[in-house]
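Step one of this worksheet: look at the structure below.
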Ligand code: PFF
């Protein structure tokens with residue numbers, strides 16, 4: 001059996017990479033970050049950062065992967081020598097740790113989908129209070145996240161074409177259909193337009209330094225950048241594909257889903273007179289309360305639909321997070337795909353247990369004294385995604401400009417796009433990757449580290 005495999009078509013790659021990008025980051029994280037950071041102003045910053053800086057980083061990652069045709073470690077190692085291989089290992093570690101907490105949140109979404117759709121909970125329960133009870137219940141968490149990890153592993157075992165590409169081709173279009181149907185409904189609710197105004201009319205006085213680096217962290221997480229996921233997916237892409245166009249489509253799809261998720265959630269929140277600044281609980285606490293208010297039948301349909309959507313989005317992302325270390329085991333350690341997948345899935349699941357127990361179930365995990373009394377889930381998500389992804393992006397752009405050479409990158413991009421060389425976009429991408437990204441991403445990474453560990457407001 002061919003252990004490596006490749007995507008069969010341009011659309012297959014685009015949907016798989018967009019599937020990796022579109023996930024909890026768009027539907028769960030983006031709305032609460034936007035709600036906490038002032039609404040429309042955050043949205044604007046986010047869009048600008050994505051197109052100006054993240055797009056070139058994405059093009060860079062995909063070209064590294066396609067150039068070598070190996071996992072993240074193998075790619076850096078081959079292009080830059082052993083010393084740079086650590087960057088691949090860094091990405092693999094981030095992938096494993098991000099998946100460990102991501103799978104817990106995906107498990108919540110899965111549990112909510114089942115509870116809303118198939119139990120009588122909507123008639124009996126106050127959904128707002130349900131979340132608090134639900135996340136401290138160890139067995140619920142264990143079972144739902146175990147199921148989610150199992151489904152993820154099951155798809156990844158089937159390989160790039162039969163598993164990842166096939167699943168993405170079905171789930172991504174379905175996700176769009178469910179999302180649009182829910183938005184149409186939410187816009188018809190009373191006071192929905194207050195939510196639309198909060199979301200779309202910017203108040204520039206809301207923009208602070210924190211808006212900027214939170215926006216960058218969110219953009220990296222949402223686009224799956226900075227840890228080699230797109231190096232890995234890029235390694236399955238053939239030389240005829242136009243990387244620039246594919247990356248642009250992936251970016252558009254990712255932004256569209258985040259944008260649409262906001263357009264769904266803020267009208268719902270405002271129609272119930274709720275505050276948009278609820279943080280991570282926004283989707284799990286506020287929305288179910290709203291579904292309950294819709295009545296038992298409609299609430300079940302709309303609420304079940306929403307959480308099914310969240311599960312689909314999360315699944316195409318957990319697949320890509322698991323694929324990063326799996327590709328490493330297959331390419332570097334020559335371990336058969338099937339065995340790699342099950343070993344890694346078990347490892348990641350075990351590493352996720354502290355996050356699973358951190359919402360009140362076990363005190364030491366719920367309040368880490370060395371991390372400002374935040375939970376283990378916050379710790380893992382902030383250290384391995386908010387901090388490590390922009391830092392990984394910074395190191396990757398340093399690798400391209402100082403070691404691999406942007407001329408080589410241009411050559412790789414020109415495969416499948418002969419007019420690239422000498423174009424404006426080539427100059428823009430080279431300039432951004434050589435000068436802007438290393439400095440800007442380095443600076444933002446330092447600011448985020450200071451903020452998360454010491455609190456920037458206490459220092460400035
Ligand atoms: N982009 C995913 C999301 O928005 O939910 C999360 C993610 C997936 C981050 C894959 C990093 C990654 F490599």
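Suppose we filter segment 16-31 for residues that are more than 10 Å from the ligand (Cβ to nearest atom) and either free of Cβ contacts under 8 Å to residues at least 12 places away in the same chain or farther than 14 Å from residue 230 by Cβ (or both); how many remain?
Result for segment 16-31: 1.
Is it the case, given these coordinates, that residue 301 is without any contact (Cβ under 8 Å) to a residue 60 or more places away in the chain, surrounded by fewer than 24 Cβ atoms within 10 Å (Cβ to Cβ) and farther than 25 Å from residue 168 by Cβ?
Working: without any contact (Cβ under 8 Å) to a residue 60 or more places away in the chain: yes; surrounded by fewer than 24 Cβ atoms within 10 Å (Cβ to Cβ): yes; farther than 25 Å from residue 168 by Cβ: yes.
So residue 301 passes the test.
From the list 224, 168, which residue is assigned to a loop (DSSP other than H, G, I, E, B) and crowded, with 24+ Cβ neighbours inside 10 Å? Break it down into steps so the answer makes sense when it comes.
On the way: 168 fails: assigned to a loop (DSSP other than H, G, I, E, B).
Result: 224 is the single residue among 224, 168 that is assigned to a loop (DSSP other than H, G, I, E, B) and crowded, with 24+ Cβ neighbours inside 10 Å.
Could you please find all residues in segment 308-359 being outside any helix (DSSP H, G or I) and free of Cβ contacts under 8 Å to residues at least 12 places away in the same chain? Working first, answer last.
Initial filter on segment 308-359 (outside any helix (DSSP H, G or I)): 333-336, 352, 357-359.
Matches in segment 308-359: 333, 334, 335.
Has segment 240-253 got at least one residue that is free of Cβ contacts under 8 Å to residues at least 40 places away in the same chain and within 26 Å of residue 45 (Cβ to Cβ)?
Here is the first cut: in segment 240-253, the ones free of Cβ contacts under 8 Å to residues at least 40 places away in the same chain are 252.
Pick out the ones that are also within 26 Å of residue 45 (Cβ to Cβ) and you get 252.
Yes - at least one qualifying residue is present in segment 240-253.
Yes or no, residue by residue, for (1) out of contact with any helix residue (DSSP H, G or I) (no Cβ under 7 Å at 6 or more places or on another chain); (2) in a loop (DSSP other than H, G, I, E, B); (3) under 16 Å from residue 256 (Cα atoms):
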| residue | (1), (2), (3) |
| --- | --- |
| 6 | no, yes, no |
| 12 | no, no, no |
| 32 | no, no, no |
| 38 | no, yes, no |
| 48 | yes, no, yes |
| 53 | no, no, no |
| 58 | no, no, no |
| 73 | no, no, no |
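Of the residues that make up segment 238-248, is at least one within 16 Å of the ligand (Cβ to nearest atom), modelled with pLDDT of 90 or more and within 17 Å of residue 185 (Cα to Cα)?
Looking only at segment 238-248, we keep the residues that are within 16 Å of the ligand (Cβ to nearest atom), and these are 247.
So of that shortlist, the ones also modelled with pLDDT of 90 or more come out as 247.
If we keep only those that are within 17 Å of residue 185 (Cα to Cα) too, we end up with none.
Scanning segment 238-248, I find no residue that is within 16 Å of the ligand (Cβ to nearest atom), modelled with pLDDT of 90 or more and within 17 Å of residue 185 (Cα to Cα), so the answer is no.
Restricting attention to segment 75-115, and to residues there that are more than 16 Å from the ligand (Cβ to nearest atom) and within 24 Å of residue 358 (Cβ to Cβ), which single residue is surrounded by the most Cβ atoms within 10 Å (Cβ to Cβ)?
112
Scan segment 360-375 for residues that are in a helix (DSSP H, G or I) and in contact (Cβ under 8 Å) with a residue 24 or more places away in the chain and jot them down. Give the derivation first.
From segment 360-375, those in a helix (DSSP H, G or I) are 363-366, 369-371; that's our starting set.
Passing the criteria: only 371.
Is it the case that residue 417 is closer than 27 Å to residue 86 by Cβ and either buried (at least 18 other Cβ atoms within 10 Å of the Cβ) or away from the ligand (no atom under 16 Å from the Cβ) (or both)? Steps first, please.
Working: closer than 27 Å to residue 86 by Cβ: no; either buried (at least 18 other Cβ atoms within 10 Å of the Cβ) or away from the ligand (no atom under 16 Å from the Cβ) (or both): yes.
For residue 417, the condition - closer than 27 Å to residue 86 by Cβ and either buried (at least 18 other Cβ atoms within 10 Å of the Cβ) or away from the ligand (no atom under 16 Å from the Cβ) (or both) - is not met.
Just name the residue that is nearest to the chain's Cα centre (by Cα) out of those in segment 227-275 that are part of a loop (DSSP other than H, G, I, E, B) and within 26 Å of residue 98 (Cα to Cα).
Of everything passing the filter in segment 227-275, 227 is nearest to the chain's Cα centre (by Cα).
If we scan segment 351-365, do we find a residue that is touching a helix residue (DSSP H, G or I) at 6+ places or on another chain (Cβ under 8 Å), within 16 Å of the ligand (Cβ to nearest atom) and closer than 29 Å to residue 255 by Cα?
yes
The values are calculated or read from the model by the stated rules, or taken from the named source; none is laboratory data. The shown structure was predicted, so the numbers you read here are calculated from the model rather than taken from an experiment. All Cβ positions, even for glycine, are placed from backbone atoms using ideal geometry, and neighbour counts span all protein chains on display.
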